[in-house]
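The values are calculated or read from the model by the stated rules, or taken from the named source; none is laboratory data. These numbers come from a predicted model, not from an experiment. Heads up, the Cβs are rebuilt from the backbone with ideal geometry, glycines too, and the neighbour counts pull from every protein chain shown.
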Amino acid sequence: MIYLSILFSSILFAAPVDSALKEAMQKRIYEDRYWALLLHYSGGESEIEDDSFFISENGRVSKKDELVATIKALYGEEAADDNSTACRYPARKRWLVQRLDLKDLPEAECREYEKILKRVDPESATLVFPSAHINSPASMFGHTFVRINSSYNSRLLSYAVNYAADADPNRENGVVFALKGLFGGYDGKYSLLPYYDKLKEYRDTENRDIWEYDLNLTKEETLRMFEHIWEVKDVRSPYYFFTRNCSYEMLWLLEAARPGTGLRERFIFEVIPLETVHAANGERLVASTGYRPSKRSKIEAYKTVLESEDIAAAKRLARGETEASELDGKGVPVQKRRYILEASIELVQYYYQKGELEKESYLDIFHNLTSARAALGKAERVEPKRPPDPLKSHRARRVVAGAADISSEAAAYFGFRPAYHDLTDPLYGFLRGTQIEFMNIEGYATKKRARLEKATILSIESLTQSDEFFDELSWRTRIGWHRDYLDDKSRFSLSVGAGLGVGNDYGYIYAMIDPQLFIVDGGAETAVDAAAGLVIDRYSRVTNLLLEYRFKHYEGGRDQNILSFTQNFRVKENLSFKLGYRYIQRETQNDTYDENSFKLLAAYYF
């Protein structure tokens with residue numbers, strides 16, 4: 001009797017699973033795009049290398065085997081709880097049920113999934129872009145992650161989906177972190193956490209403005225995304241700084257929500273966070289834009305309503321050097337006292353987050369300042385001026401072409417750069433004073449010869465401007481070949497420099513000291529480069545200007561002067577014209593001479 005019961009159950013199970021498998025093979029649904037998206041298939045195999053993600057032993061290299069294994073597992077459940085296939089893979093189950101009209105699947109109680117689903121309450125989604133972090137090379141590209149919006153009124157109660165390398169760049173050697181990030185030395189993983197925590201990390205701790213791009217995903221599409229997030233949330237994959245990075249992994253989620261989009265196909269090699277926002281906009285996913293200013297932006301806004309002595313008072317209050325009551329006896333108008341106290345409250349939070357105040361001191365100062373401010377009543381809030389939307393900025397890749405005059409010799413000039421932005425590009429939509437370039441190649445050709453002007457492997461500049469609120473250090477580095485040496489050949493060099501800058505609404509000036517190392521005829525030669533520059537960017541929607549003078553002293557006692565000027569004219573979002581002049585002192589074995597060059601270039605960004 002028992003034997004017959006088992007046999008009868010096997011027959012009942014075999015009938016629907018065999019029917020489902022037969023239909024799946026006939027329809028070849030393992031070739032469907034959505035199935036490939038759920039498995040993160042690209043180039044013939046899954047980009048996920050974690051075996052725990054696959055049911056079949058061949059799942060990473062065979063979509064067909066993984067499909068068969070999934071159907072069999074759904075029908076042959078050995079667990080009816082959170083460990084079941086149905087609970088672990090809700091997106092797979094939903095799609096297979098719809099695609100094959102599956103019947104009589106075993107029931108499973110997915111308590112953990114249902115609990116998180118209820119808590120997250122997915123209604124819509126937002127692509128979030130924390131802008132560049134000017135003093136961190138690892139963050140100068142910015143970052144993107146997805147926010148799952150709930151039915152609650154406050155977006156702060158929503159949840160964020162993030163992907164990041166399982167490493168702490170602040171605790172590792174910077175060079176080691178960069179190299180391991182470039183070559184897949186870290187595992188990356190998805191995480192689901194409260195959006196408020198991400199705001200604290202990026203907006204308040206790292207002082208990065210937050211841009212929120214609401215997507216036009218439907219509730220059903222958002223749920224489909226969440227189901228896939230659940231499937232990959234504990235999965236690890238190699239993290240690559242340029243390719244399989246935080247922003248690239250978000251594209252899988254967006255495509256899982258709306259499979260008809262071709263987001264990943266827009267990228268050949270490098271995946272830059274801001275470019276993924278452009279890609280989403282290009283696929284008509286972006287519905288609206290929101291902006292959340294950083295802590296630093298909020299503090300800087302008080303420069304519009306406070307004088308220098310007021311700012312100095314706010315800083316003393318924030319450090320606990322004076323009491324708020326001291327403002328009462330100095331005849332300071334009530335409105336100005338409000339602003340001073342508000343600025344000091346923002347500053348004390350900033351100092352604490354930077355580790356400049358102990359927690360006990362911070363809490364005591366914060367309590368006293370907020371109490372004093374509350375006693376003065378309500379007033380109009382000081383809001384930071386909203387900067388240009390990064391979505392309106394130029395794209396990352398650039399080609400330049402035009403005419404040049406090199407020492408009275410006519411030349412055709414050309415260049416290509418895969419990423420990303422330099423100080424002579426249109427500033428509109430970018431963080432002021434930042435430059436980061438990879439593999440920028442430029443050259444020119446005359447009737448007699450063709451020359452390489454530069455081949456930049458990496459160039460980073462962070463020209464921060466000190467003011468009454470903040471004292472900042474500027475820095476820059478460059479690695480590659482260029483024609484800045486005494487002779488007119490393109491020489492390999494490495495430079496790392498630091499300096500200071502100050503500015504206002506019209507522009508800024510800076511001074512830098514750049515120690516340099518040149519490789520010359522198989523040997524090494526050092527130099528110290530002292531530079532002074534001026535940037536005028538008040539009307540960056542239309543034009544911006546860079547003027548720089550450099551005095552270079554070589555180890556053998558030889559000196560060199562270099563002067564450069566570039567005026568950029570922004571015609572459209574991705575088209576500009578550059579007018580440039582460069583003077584450099586040259587030296588040969590027998591003589592010295594001056595080289596003057598003029599350029600008129602068109603730059604197209606894509």
Arg395, sole failed condition from (1) modelled with pLDDT of 95 or more; (2) charged (D, E, K, R); (3) more than 19 Å from the chain's Cα centre (by Cα): (3)
Regarding the stretch 351-359, can at least one residue be identified that is under 33 Å from the mean Cα position of the chain (by Cα) and in contact (Cβ under 8 Å) with a residue 60 or more places away in the chain? yes
Residue, surrounded by the most Cβ atoms within 10 Å (Cβ to Cβ), within the stretch 80-133, restricted to residues that are on the phi > 0 side of the Ramachandran plot and in contact (Cβ under 8 Å) with a residue 12 or more places away in the chain: Asp121
Residues of the stretch 83-101 being under 20 Å from Lys64 (Cβ atoms) and of a type in the set (Gly, Ala, Ser), which ones? Ala91
Within the stretch 20-53, restricting attention to residues that are among the small types (Gly, Ala, Ser) and surrounded by 15 or more Cβ atoms within 10 Å (Cβ to Cβ), which residue is farthest from Tyr186 (Cα to Cα)? Ala20
The stretch 144-247: helices (runs of 4 or more DSSP H) wholly inside it with 3 or more residues that are under 23 Å from Arg258 (Cα atoms) are 219-232
2 or more residues basic (Lys, Arg): qualifying strands (runs of 3 or more DSSP E) within the stretch 506-606: 543-554, 559-572, 575-587
Among all residue pairs at least 6 apart or on different chains, which show Cβ distances below 6 Å where the first residue, located in the stretch 517-545, is more than 25 Å from Gly480 (Cβ to Cβ) and in the same structural domain as Asn568 (by TED's automatic domain parsing) and the second is small (Gly, Ala, Ser) and assigned to a strand (DSSP E or B)? Ile536/Gly507; Asp537/Gly507
Is it true that some residue in the stretch 542-555 is exposed (fewer than 14 other Cβ atoms within 10 Å of the Cβ), closer than 27 Å to Pro390 by Cβ and at pLDDT 95 or above? yes
Residue in the stretch 30-50 that is among the charged types (D, E, K, R) and touching an Asp or Glu at 6+ places or on another chain (Cβ under 8 Å) present: no
Residues satisfying the stated conditions in the stretch 485-505, i.e. in contact with a His (Cβ under 9 Å, 6 or more places away or on another chain) and either assigned to a strand (DSSP E or B) or more than 30 Å from Tyr593 (Cβ to Cβ) (or both): Arg491, Phe492, Ser493
Which residue is surrounded by the fewest Cβ atoms within 10 Å (Cβ to Cβ), if the candidates are limited to the stretch 265-299 and must be acidic (Asp, Glu) and over 16 Å from Ser131 (Cβ atoms)? Glu265
Here are some conditions: (1) touching a residue at least 40 places away in the same chain (Cβ under 8 Å); (2) surrounded by 13 or more Cβ atoms within 10 Å (Cβ to Cβ); (3) not acidic (Asp, Glu). Leu363 meets all but one. Which one does it not meet? (1)
Residue count, the stretch 498-516, condition closer than 18 Å to Leu579 by Cβ and in contact (Cβ under 8 Å) with a residue 40 or more places away in the chain, comes to 0
